[in-house]
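Engineer: Pasting in a structure now, in structure tokens, and then I'll have a few things to ask.
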Amino acid sequence: MAYLKDTLKSGDIRKLYLFYGNEDYLKDSCRYQVRAAVLNPGDTINVNVYDSDNLDLSSMIEQAGTLPFFAPHRLIIAKNTGFFKNKTGDALAAALPGIPAETVLVFTEEEVDRRTKLFRYAQKEGWVQDCSHLSGNELQAWILRYLARSGRQITGSAMQLFLQCIDDDMYGIVQEMEKLIAYTCGKDGIRREDVTAVCSLRPENRVFDLVDAIAAGDSARAVKLYRDLLAVREKPVRILSLISRQYNLILQVKELRDQGFDRGAIVQKTGMKDFVAGKCLKQASRYTLHEVQQSLELCVDTEEKIKTGFLEEQTAVEVLIASLTVGKEKS
């Protein structure tokens, strides 16, 4: 994104920009940068916006061929058109060479097919940028830069805890960072206690601790963590789903590690965050493959007992936790 900003500042404006991927924050940021570079503030005459609700390719091509009104550029913004994953965009690709140089088209898409004519044109003549979720070191570097702009630094332990409190949505991450920035007004640094005071640990990460307690055979702590989740109004069936999900992650990681893959390769193959893979690897080391499979079978059996009314859901999950923990106490 910094490279895009520098290129736009230099006056290097392309005819076509494509920002694609699953991170809306990055796509929106890139689109705003292009808009700020090619339009004067408040110019609503020389911009046309299309999305899936008002998509009309003929109208788009017609507007793209219209010269700007007392301005250096006309801007066409198109969101989630699907033109880059099927042949619908071929007509636009064919029309682009004849569109005035003053016209700039900006597309934000979820998915693309690199084989389409429109994508190949964008690669050759325009600007293409992958705006997928950041992970690992990229995400941490972005968080550090964002906080630094507000005069904040964050300690290593605070960063690790913060990463456990957030999901992949960068808009959500920004919201949590703004809360931290406001809370630490007058300080130059963010510490672990600040994160604890401001950010809520996501249920998925509380379940990490619950499974840790189970793997250690600590039934008292496991039950306490379960009841803590109930206290913040997490439903027992949701907690059961998260426990099952965690054992599935452990199974994936264990199988890949047994095949000789290291942590970096596991992150790449599974799409997990780096710290998630690290925790799963630690948990996987406490189980045999058979034990993980048995744990998953217990989760499925518990779900069946709840669905058939054999056990009340809160009791059923507590019995599951006790059974999983006893299994580790005996191993």
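Engineer: Which one of LYS15, LYS27 is of a type in the set (D, E, K, R), open to solvent by less than 30 Å² (accessible area, probe 1.4 Å) and in contact (Cβ under 8 Å) with a residue 40 or more places away in the chain?
Structural biologist: Going through LYS15, LYS27 in turn, the sole match is LYS27.
Engineer: Count, please, the residues in region 306-330 that happen to be free of Cβ contacts under 8 Å to residues at least 60 places away in the same chain and either touching a helix residue (DSSP H, G or I) at 6+ places or on another chain (Cβ under 6 Å) or closer than 24 Å to LEU230 by Cβ (or both).
Structural biologist: Going through region 306-330 one residue at a time, the tally reaches 10.
Engineer: List, please: which pairs have Cβ atoms under 6 Å, are six or more places apart or on different chains, and start with a residue in region 127-140 that is under 15 Å from GLY264 (Cβ atoms) and of a type outside the set (A, V, I, L, M) and end with one that is surrounded by 19 or more Cβ atoms within 10 Å (Cβ to Cβ) and modelled with pLDDT under 90?
Structural biologist: The qualifying pairs are SER135/LYS273.
Engineer: While we're on this one: May I ask you to list the residues in region 244-267 that are of a type in the set (A, V, I, L, M) and either over 21 Å from the mean Cα position of the chain (by Cα) or more than 16 Å from GLN293 (Cα to Cα) (or both)? Working first, answer last.
Structural biologist: Taking region 244-267 as the starting set, the residues that turn out to be of a type in the set (A, V, I, L, M) are 249-251, 253, 256, 265-267.
Within region 244-267, LEU251, LEU256, ALA265, ILE266, VAL267 qualify.
Engineer: Considering only residues of region 180-207 that are at pLDDT below 85 and out of contact with any Lys or Arg (no Cβ under 8 Å at 6 or more places or on another chain), which is least open to solvent (accessible area, probe 1.4 Å)?
Structural biologist: Going through the qualifying residues, I end up with ASN205.
Engineer: I need the full set of residues from region 264-283 which are modelled with pLDDT of 90 or more and touching an Asp or Glu at 6+ places or on another chain (Cβ under 9 Å), in order please.
Structural biologist: Of everything in region 264-283, those that are modelled with pLDDT of 90 or more and touching an Asp or Glu at 6+ places or on another chain (Cβ under 9 Å) turn out to be LYS282, GLN283.
Engineer: Residues of region 282-305 being assigned to a helix (DSSP H, G or I), in contact with a helix residue (DSSP H, G or I) (Cβ under 9 Å, 6 or more places away or on another chain) and not hydrophobic (A, V, I, L, M, F, W, C), which ones?
Structural biologist: LYS282, GLN283, GLU291, GLN293, GLN294, SER295, ASP301, THR302, GLU303, LYS305
Engineer: Which one is farthest from GLY278 (Cα to Cα) among residues in region 203-231 that are of a type outside the set (D, E, K, R) and free of Cβ contacts under 8 Å to residues at least 24 places away in the same chain?
Structural biologist: Within region 203-231, the match that is farthest from GLY278 (Cα to Cα) is ALA231.
Engineer: How many residues are open to solvent by 70 Å² or more (accessible area, probe 1.4 Å) and small (Gly, Ala, Ser) if we restrict to region 30-51?
Structural biologist: Total meeting the criteria: 2.
Engineer: Residues LEU139, LEU134: which one is more than 30 Å from ALA94 (Cβ to Cβ), assigned to a helix (DSSP H, G or I) and either open to solvent by 40 Å² or more (accessible area, probe 1.4 Å) or of a type in the set (A, V, I, L, M, F, W, C) (or both)?
Structural biologist: LEU139
Engineer: Find the residue count for region 107-131, including only residues that are open to solvent by less than 20 Å² (accessible area, probe 1.4 Å) and assigned to a loop (DSSP other than H, G, I, E, B).
Structural biologist: Qualifying residue count, region 107-131: 3.
Engineer: Here's another thing I want to ask about it. Conditions first: (1) open to solvent by 60 Å² or more (accessible area, probe 1.4 Å); (2) at pLDDT 90 or above; (3) not aliphatic (A, V, I, L, M). ASP167 passes all but one, so which condition is the exception?
Structural biologist: Among (1) open to solvent by 60 Å² or more (accessible area, probe 1.4 Å); (2) at pLDDT 90 or above; (3) not aliphatic (A, V, I, L, M), ASP167 violates only (2).
Engineer: Sticking with this one: Identify, from the list ASN54, ASN22, the residue that is open to solvent by 70 Å² or more (accessible area, probe 1.4 Å), assigned to a loop (DSSP other than H, G, I, E, B), of a type in the set (S, T, N, Q) and without any contact (Cβ under 8 Å) to a residue 60 or more places away in the chain.
Structural biologist: Going through ASN54, ASN22 in turn, the sole match is ASN54.
Engineer: Taking only region 272-305 into account, find how many residues are in contact (Cβ under 8 Å) with a residue 60 or more places away in the chain and loosely packed, with under 14 Cβ neighbours inside 10 Å.
Structural biologist: Going through region 272-305 one residue at a time, the tally reaches 0.
Engineer: Then there's this: For TRP127, only one of the following conditions fails: (1) under 30 Å from PHE70 (Cβ atoms); (2) out of contact with any Ser or Thr (no Cβ under 9 Å at 6 or more places or on another chain); (3) not basic (Lys, Arg). What is its number?
Structural biologist: Against the list (1) under 30 Å from PHE70 (Cβ atoms); (2) out of contact with any Ser or Thr (no Cβ under 9 Å at 6 or more places or on another chain); (3) not basic (Lys, Arg), TRP127 comes up short only on (2).
Engineer: Among the residues of region 221-236, write down those that are of a type outside the set (D, E, K, R) and either farther than 20 Å from CYS280 by Cα or open to solvent by 70 Å² or more (accessible area, probe 1.4 Å) (or both). If you could, list the steps in order and put the result at the bottom.
Structural biologist: Initial filter on region 221-236 (of a type outside the set (D, E, K, R)): 222-223, 225-226, 229-232, 236.
VAL223, LEU229, LEU230, ALA231, VAL232, PRO236 - these are the residues of region 221-236 that are of a type outside the set (D, E, K, R) and either farther than 20 Å from CYS280 by Cα or open to solvent by 70 Å² or more (accessible area, probe 1.4 Å) (or both).
Engineer: Still on this model: State whether the residues of region 237-251 include one that is under 30 Å from THR155 (Cα atoms), open to solvent by 30 Å² or more (accessible area, probe 1.4 Å) and not basic (Lys, Arg).
Structural biologist: No: region 237-251 contains no residue that is under 30 Å from THR155 (Cα atoms), open to solvent by 30 Å² or more (accessible area, probe 1.4 Å) and not basic (Lys, Arg).
The values are calculated or read from the model by the stated rules, or taken from the named source; none is laboratory data. Note that the structure is a prediction, hence the values are computed from the model and not measured. Reconstructed Cβ throughout: ideal geometry from the backbone, glycine too, with neighbour counts over all protein chains shown. When the accessible area is computed, the model is the full protein with side chains, heavy atoms only, and any ligands, DNA or RNA have been set aside. Shrake-Rupley method; radii C 1.70, N 1.55, O 1.52, S 1.80 Å.
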